[in-house]
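See structure below.
The numbers here are math on the coordinates, done by the rules we state, and not lab data. Just so we're clear, the structure is a prediction, and the values are computed from it rather than from any experiment.
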Amino acid sequence: MARFAATTSDEGSRLRVSLAGDCDLAVRDELVTTLLAAVGRSATVIVDLADVDFLDSSGIHGLVAAHRAAVERGGRVVVENPSGSVAAVLDVTGVRDLLGPGDSRNGRNGGH
């Protein structure tokens with residue numbers, strides 16, 4: 001059994017989706033549904049990965065699908081707080097550059 005949870009909360013003009021546990025094939029549909037629903041509600045969706053223990057290609061797929069849907073709507077998806085192997089997977093796949101903060105608060109543009 002996969003251990004996974006997704007919690008969505010409003011933060012003013014943006015929406016935060018906090019993920020926890022394992023983001024893998026077993027929860028791919030739930031992950032994609034949650035992220036696409038968030039993108040449908042807000043132009044800016046923050047995906048908090050602080051409590052994600054495992055992220056595989058299914059999790060990457062969910063993040064990229066949400067990113068594409070957000071861009072089509074003129075919005076964006078940003079990942080925050082990845083660590084350990086989750087951060088490594090995001091780096092190796094280039095998804096951290098794609099979905100990094102990229103704003104003036106940290107002086108970076110996410111590599112774009």
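Helical content alone sets the calculated 222 nm signal of the chain at -12000 deg cm²/dmol, taking -39,500 (n - 2.57) per DSSP H segment of four or more residues and averaging over every residue. Membrane-span-like helices in the chain, defined purely by DSSP H runs whose alpha carbon atoms cover 15 Å or more axially and whose average Kyte-Doolittle hydropathy reaches -1.0, are 28-41, 57-72. With bins 5 Å wide beginning at 0, the percent of Cα pairs of the chain falling in each bin runs 2, 13, 24, 28, 21, 10, 2, 0, 0.
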